[in-house]
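Reading through the structure tokens given below for one structure.
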Amino acid sequence: MYSPLRNNIEGIVKLTDLEWNLLVPHLKIRKLKKNELFVEIGKTYNEMGFVLKGVLRHYYLKEGEEKTTSFYFENNIVAAYFSCITNQPSKLAIEALSNCELIVFPYNVLLGLYKKNKTWHEFGRLLAEYIVLSMEERMVGLLIYSPEERYQKLIEGNEERYRKILKGNKTKIIENIPQRYIADYLGITPVSLSRIRNRVSKK
């Protein structure tokens with residue numbers, strides 16, 4: 001039942017059965033219905049999730065308008081990291097775009113494993129690197145690349161080895177996400193996205 005999570009973690013670090021079994025007692029299955037929130041803005045969270053089935057969207061609110069910043073697919077790790085790390089209310093929401101099934105576990109349990117086991121510590125280091133890389137990649141994309149270049153990178157879906165394991169291929173965004181959310185993610189209007197798609201398809 002929990003083997004997909006172990007398989008993905010072991011794409012980064014190899015766990016012995018003893019090391020894996022340190023986490024197993026804290027794992028649970030959680031199901032979300034379409035449009036249900038895994039994370040709600042303003043609430044404090046200590047829970048991480050691993051997506052077994054479904055698609056989720058990560059967004060912020062600015063003056064009542066949603067700003068989509070990320071998507072999560074099968075085999076993705078998902079969490080309100082700011083809230084988990086600081087124990088403060090979340091500034092983001094994570095919404096199920098379809099019926100979802102996740103493996104969930106407390107962040108503080110994982111943090112405890114980081115502190116007492118060198119293999120889990122290495123996993124924590126790589127996970128932190130991934131988060132930083134993901135944030136920088138997102139920031140660079142918005143500040144440096146044109147909307148058409150950002151769209152092209154979604155099509156290409158190039159990622160580092162361990163980021164593929166944790167984040168999933170970006171081409172899944174093109175294949176599975178409604179156009180209005182893709183446009184929001186790219187920072188453009190749906191009309192602009194339609195024009196870009198037409199231009200790219202003709203190249």
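None of the figures in this text is laboratory data; all of them are computed from the coordinates on show. Only a predicted model underlies this, so the values are computations on that prediction, with no experimental measurement involved. Here the Cβ positions follow ideal geometry from the backbone for every residue, glycine too, while neighbour counts run over all protein chains shown.
Descriptive notes on the structure:
- FRET E, pair Q88, L27, Förster distance 25 Å, beta-carbon r, rounded to 0.05: 0.50
- Local net charge near V191, Cβ-Cβ under 12 Å (Lys/Arg +1, Asp/Glu -1): +3
- Summarising the label geometry, the points placed 7 Å from Cα in the beta-carbon direction at E149 and L18 lie 5.1 nm from one another.
- Where the alpha-carbon atoms of segment 3-202 are placed on the principal axes, they occupy 54, 33, 29 Å, in descending order.
- Long-range Cα-Cα pairs in segment 1-75 (distance over 19 Å), rounded percent: 49 percent
- Our estimate of slack between M135 and E66, defined as 0.36 nm per intervening residue step minus the Cα-Cα distance, is 23.0 nm.
- Dipole moment magnitude, nearest 20 debye, the chain about Cα centre, only Lys, Arg, Asp, Glu C-beta charged: 300 debye
- Among E66, E156, sorting on how many other beta-carbon atoms sit within 10 Å of each Cβ, with the fewest leading, yields E156, E66.
- Amide H contacts of M48 (H built 1.01 Å from N, under 5 Å, at least 5 apart or other chain): F105, Y107
- Available extension along the chain between R125 and E156 is 8.4 nm, counting 0.36 nm per residue and deducting the alpha carbon span.
- Candidates L92, T189, S3 compared by Cα position along the dipole of the chain: farthest toward the positive end lies T189, with charges placed on Cβ.
- 31 Å Cα-Cα threshold exceeded, pairs from K34/K116; K33/K115; K34/K153; K33/K67; K33/K116: K34/K116; K33/K115; K33/K116
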